[in-house]
Amino acid sequence: MAGTDFSVAIPELERALSSIEAVLDPEAKRREIAGLEEQVAAPDLWDDVEHAQQVTSRLSRLQADVDRLTSLRSRLDDLSVLVELGQEEGDDASMVEAEAELAGLRKTIDALEVRTLLAGEYDERDALVTIRSEAGGVDAADFAEMLQRMYLRWAERHKYGIEVFDTSYAEEAGIKSTTFEVRAPYAYGTLSVEQGTHRLVRISPFDNQGRRQTSFAGVEVLPVTESTDHIDIPEADLRVDVFRSSGPGGQSVNTTDSAVRLTHLPTGIVVSCQNEKSQLQNKAAALRVLQSRLLEKARHDREAEMNALKGDGGNSWGSQMRSYVLHPYQMVKDLRTDFEVSSPDAVFDGDIDGFIDSGIRWRMRDHVEA
């Protein structure tokens, strides 16, 4: 039977995995794990809850990284044995199984190879995603809600944790804005390439004349702050407003003024949270969002200073980065990488790994060329 040349394919995967291991350095990770396990075993670890959470979270991530590499190495070794036995015995069933395992390994190793490109200051952190409707009226609000579902479905596919902090619903349909957190290793580094302006072209379901409409939505991705970031926000710098939480169409979902809006007076940054049950919980969540925005502002300020010294204006993340075309043809295309697919329905259902991977590779090439 015609099939893959395993004598070429397996050594290619061996080289790719060895390259990944050289970057991720599992032996160094094992040494760090041993040190963290000693800290976890200390009886006074939980005297400092924040520190304990950092230690256990770091330990969990390192163990997951090492386990993933160990599993891949084992699977690759087992694949070699399966191919050898299948070829010796002329076992077609074993060779079909080997083809399927090769495809699965290639996909997993390719994805992990992209992970090795995530070496930014905050790339390991959880991500704070904000989506806002822009030009296009009700179609833009509907598009913003479509993007929210797309990212939430993507996170669900990968079994990542999600917490929605705030959603502001539009009058007729869709949303004005939403902010949610994605909790996963390297969530910020992974999703940061999604930042920018997204464009939708379709026959508007809200136009009784059936005309084609172009609408826009903006995606902002920030790293979640940690206690070590030292974002000090004096109470005097904050204006706190409380209001009643509301759902789609302005329907009340809460009979008390539990939603909280925070305004950071020195910068004018405004954040709100209404998805928690109490005013205190909403204020705490809003503070986390505000801290992330201030952390990102500080990072941008530092980059602007460095770019000014280099005489380089830097890249604009606010530029249009992806088009979703539903009429007159079907296509989703990344305008930076030229990666495209002809199945918008799958993309809106969370199948965006191809776009994310190509975006990470593009960003790395762009930085190297710069």
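Coordinate-derived values only; no laboratory data. Note that the structure is a prediction, hence the values are computed from the model and not measured. For neighbour counting, all protein chains shown are included, and Cβ atoms are generated from backbone atoms with ideal geometry for every residue, glycine included.
A Förster distance of 45 Å, applied to the separation of the beta-carbon atoms of S60 and A135, puts the FRET efficiency at 0.60. Quick one: go through the stretch 132-164 and flag any residue whose amide nitrogen is under 16 Å from the point 7 Å out along the Cα-to-Cβ line of R211. Inside the label zone: 136-140.
Could you work out the mean projected area of the convex hull around the alpha carbons of the stretch 6-115, in square nanometres to one decimal?
Values: hull surface 33.4 nm².
The number I arrive at for the stretch 6-115 is 8.4 nm².
Measuring between their Cα centroids, the stretch 284-305 and the stretch 150-227 lie 20 Å from each other.
Go through 265-271, 101-107 and give me the packing order, highest mean Cβ count within 10 Å leading.
Values: 265-271: 13.0, 101-107: 15.0.
Final packing ranking: 101-107, 265-271.
For the listed peptides 204-212, 170-178, a ranking on the average number of other beta carbons within 10 Å per residue, highest first, reads 170-178, 204-212. Length gained on full extension, T108 to L85, computed as 0.36 nm times the residue gap minus the Cα-Cα distance: 5.9 nm. A Förster radius of 35 Å, combined with the Cβ-Cβ distance separating E50 from D92, puts the computed FRET efficiency at roughly 0.05.
What does the charge dipole of the stretch 127-369 about its Cα centre add up to, to the nearest 20 debye, if the Cβ of each Lys and Arg holds +1 and the Cβ of each Asp and Glu holds -1? Intermediate results must be reported in sequence, preceding the final value.
Details: 28 positive and 36 negative charges, 37 e Å.
For this selection, approximately 180 debye.
Matching the structure-derived volume of the Cα convex hull per residue in Å³ against the labelled list [x] 147; [y] 198; [z] 157 gives the label [y].
Among the listed pairs K159/K297; K29/K159; K107/K159; K176/K277; K176/K333; K159/K283, which are separated by more than 26 Å between their Cα atoms? Each step should come with its number before you reach the end.
Numbers: K159/K297 30 Å; K29/K159 24 Å; K107/K159 18 Å; K176/K277 22 Å; K176/K333 24 Å; K159/K283 28 Å.
Over 26 Å Cα-Cα: K159/K297; K159/K283.
Between beta-carbons, use under 9 Å as the cut-off and find the net charge around E163, counting Lys and Arg +1, Asp and Glu -1. Walk me through the numbers on the way to the answer.
Numbers: positive: R183; negative: E181.
That works out to 0.
Computed from the Cβ-Cβ distance with R0 of 45 Å, the FRET efficiency linking Q330 to R31 stands at 0.35.
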